[in-house]
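I have placed the structure first, in the form of structure tokens, so that the comments after it can refer back to it.
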Amino acid sequence: MNAVRREKGYKKLDLSSLEDNLQLPYEIRNLKGTLEVEQWEFTKFDVIVDGSVDVKVPCDRCGEMFWQHVELENEEIFIIGREPVPTGEEKKLSEEDISTFYTPNGQVNVIELLSEYILSGLPTKLICRDECPGPVKLLDELGFVELILDEGGK
Ligand SMILES: [Zn+2]
């Protein structure tokens, strides 16, 4: 009996082709690099993202919008099938388990995945530049708002 044997699959996508499809709360530009899908077993495949993007975000210090450069280096393993129900007897999760995901139908939403990578790639503290003057400008604006409020109260 001849078993049907699937060839190992490989696919490579240019990230720049996905730039317009991403759903992010921020504007982005210069999305560069590649997304590779490598099926190394019948029910297992890797998704590897290697690239970079610029994201327009507000500075945590002064509130001004600026372009934050984000490096994208992500690799995740997908298993085609349903996630086994935990029995409570699992050993400690290995490095591989942590980045392993299950996909019952073998489909991965590349747009969602990439959007997630970009958001999680942002630094926790967003500072527009090393010599950012801080909330000086913002305070000025607040002063202006106060002035209007005072006039209104007369
Ligand atoms: Zn700033």
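The values are calculated or read from the model by the stated rules, or taken from the named source; none is laboratory data. It should be emphasised that the depicted structure is a prediction, and the values quoted were computed from it without experimental measurement. Cβ placement follows ideal geometry from the backbone for every residue including glycine, while neighbour counts extend to all protein chains displayed.
Couple of notes before you dig in:
- Unmet criterion (only one of (1) modelled with pLDDT of 85 or more; (2) within 16 Å of the ligand (Cβ to nearest atom)) for Leu139: (1)
- Restricting Asp97, Asp60, Asp54, Asp50 to residues that are modelled with pLDDT under 90 and either surrounded by 15 or more Cβ atoms within 10 Å (Cβ to Cβ) or farther than 20 Å from Leu18 by Cα (or both) narrows the list to Asp97.
- In segment 19-65, residue nearest to the ligand (Cβ to nearest atom) [restricted to those that are closer than 17 Å to Leu119 by Cα and out of contact with any strand residue (DSSP E or B) (no Cβ under 7 Å at 6 or more places or on another chain)]: Asp60
- Test: residue in segment 16-30 that is surrounded by 12 or more Cβ atoms within 10 Å (Cβ to Cβ), at pLDDT 90 or above, in a strand (DSSP E or B) and not basic (Lys, Arg): yes
- For first residues located in segment 117-134 and near the ligand (Cβ under 7 Å from one of its atoms), partners that are not in a loop (DSSP other than H, G, I, E, B) and lie 6+ apart or on another chain with Cβ distances below 7 Å form the pairs Cys128/Phe66.
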